[in-house]
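Engineer: Below you will find the structure I want to go over with you.
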Amino acid sequence: MKIVVAIKQVPARDSALRIDPSGLWIVEDELSYEINEADAYALEEGLELKEKHGGEVVVLCCGAPRAAQAIREALAKGADRAIHIEEDKLVPLAVARLMASAVVPEQPDLVLTGLQSDDLGYGQTGVILAELLGLPHASIVLEVEKLDGGLRVKRELEDGWFQHVEMPLPALLTIQSGIKKLRYATLMGIKKARGKEIRRLTAADLGGVSTEDGGIRLGPVHLPKRSKRTQLIMGEPSQAAAKLLEKLRTEARVL
């Protein structure tokens with residue numbers, strides 16, 4: 001199987017965030033970055049399918065030059081080669097169009113993306129990419145099983161329900177976080193990654209970005225306000241329980 005896995009580099013979840021002077025985004029210079037969580041699970045699924053059925057895993061990333069760090073990490077974990085579209089801050093439709101132009105020559109059997117990104121959380125790029133490529137797709141995927149000529153996947157639905165779907169190949173899946181236990185890059189993997197191919201492209205190489213791909217404008221962003229506080233209820237157990245019950249009724253209003 002030839003599997004293309006789309007990844008995105010996002011600010012690390014433990015980064016300290018500050019709003020930039022424009023008020024429209026965060027200060028990025030001081031941030032540390034990592035592979036988007038859902039994309040890391042998509043990569044893990046691709047690597048496991050390769051180990052079971054053979055083939056190759058090609059990492060596809062659309063992002064700033066600094067995203068090369070995330071690409072090298074993916075190669076160190078076991079991906080065979082990578083394509084880096086060096087474009088940043090594009091809306092999902094523009095990203096999907098550039099990715100589609102890069103994917104078509106590869107003619108993959110399977111395309112995997114994360115369900116959504118941790119930074120913007122649109123959850124659109126994967127399904128738009130499937131539409132542009134004309135591929136059958138399934139979203140919020142928790143399990144993938146290779147069949148003769150196709151796939152059987154388990155999807156997460158609402159209220160604890162699940163759906164099992166059989167679909168032909170080639171196909172595109174958007175992967176939910178937590179699908180598998182993530183592997184770490186080994187020292188040998190890190191060494192091998194240095195010699196693996198990273199093909200670098202620009203939007204111009206892929207036909208450019210249309211002005212029609214805009215349409216999303218971010219308004220002012222704000223750090224969340226801390227409104228919760230902890231109260232310690234002292235005293236004998238019976239008295240503390242009575243005070244807690246009263247607060248739950250009159251303040252929290254959950255009883």
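Values quoted throughout were computed directly from the atomic coordinates according to the rules given, and no laboratory measurement underlies them. These figures come from a predicted structure and were not determined experimentally. Every residue, glycine as well, gets a Cβ built from its backbone with ideal geometry; the counts of neighbours run over all protein chains shown.
Engineer: Let me spell out the model: positive unit charges on the Cβ of Lys and Arg, negative unit charges on the Cβ of Asp and Glu, origin at the Cα centre of the range 2-213. What dipole size does that give, in debye rounded to 20?
Structural biologist: On the way: 25 positive and 34 negative charges, 177 e Å.
Dipole of the range 2-213, to the nearest 20 debye: 860 debye.
Engineer: Run lengths n ≥ 4 of DSSP H only: what is the helix-derived mean residue ellipticity at 222 nm for the chain, with -39500 (n - 2.57) per run over all residues, to the nearest 500? Write down the numbers at each step before the final one.
Structural biologist: Working: 6 runs with 69 residues, N = 255.
Here the helix-only value at 222 nm equals -8500 deg cm²/dmol.
Engineer: Normalising by the residue count of the range 22-143, find the relative contact order in percent from Cα pairs under 8 Å and 6+ residues apart.
Structural biologist: Details: 119 pairs, mean separation 31.7, N = 122.
Reported as a whole number, the value is 26 percent.
Engineer: Read phi for every residue in the range 150-164 and hand back ³J(HN,Hα) as whole Hz from Karplus 6.51 cos²θ - 1.76 cosθ + 1.60, θ = phi - 60°, with x for Gly and Pro.
Structural biologist: In residue order, the calculated couplings are x, 9, 10, 10, 10, 10, 8, 10, 7, 6, x, 8, 9, 9, 9 Hz.
Engineer: Follow-up question, since we're still on this one. Which order results if M188, M99, M1 are arranged by neighbouring Cβ count within 10 Å, fewest first?
Structural biologist: On the way: M188 9, M99 26, M1 17.
With the fewest neighbours first, M188, M99, M1 line up as M188, M1, M99.
Engineer: Pick from R97, R13, R226: which is most flexible by mean-square fluctuation in a GNM of the chain where alpha carbon atoms under 10 Å apart are linked?
Structural biologist: Maximum among the listed residues: R226.
Engineer: Let's test the formula: R0 of 25 Å, r as the Cβ-Cβ distance of D88 and R13. What FRET efficiency results, to the nearest 0.05?
Structural biologist: Working: r = 20 Å, r/R0 = 0.79.
So the FRET efficiency works out to roughly 0.80.
Engineer: Strictly over 28 Å apart at the Cα level, which of K154/K196; K52/K181; K181/K225; K8/K192; K89/K154 would you flag in this model? Please list the in-between numbers first.
Structural biologist: Working: K154/K196 33 Å; K52/K181 16 Å; K181/K225 34 Å; K8/K192 22 Å; K89/K154 32 Å.
Long pairs (Cα-Cα over 28 Å): K154/K196; K181/K225; K89/K154.
Engineer: Expressed as a rounded percentage, what relative contact order does the range 96-255 have, with Cα pairs under 8 Å and six or more residues apart? Display every interim value, and only then the final one.
Structural biologist: Details: 163 pairs, mean separation 31.1, N = 160.
Once normalised by length, the contact order is 19 percent.
Engineer: Once label points are set 7 Å from the Cα along Cα→Cβ at both I233 and R152, what is their separation, rounded to one decimal in nm?
Structural biologist: Rounded to a tenth, the inter-label distance reads 5.1 nm.
Engineer: In whole Hz, what ³J(HN,Hα) sequence does the range 11-21 give by Karplus (6.51, -1.76, 1.60; θ = phi - 60°), x for Gly and Pro?
Structural biologist: With the stated coefficients, the range 11-21 comes to x, 4, 5, 9, 5, 7, 9, 9, 7, 6, x Hz.
Engineer: Through the Karplus equation 6.51 cos²θ - 1.76 cosθ + 1.60, θ set to phi - 60°, convert the phi angles of the range 238-249 into ³J(HN,Hα) values in whole Hz; use x for Gly and Pro.
Structural biologist: 5, 5, 4, 5, 5, 5, 4, 4, 5, 5, 5, 7
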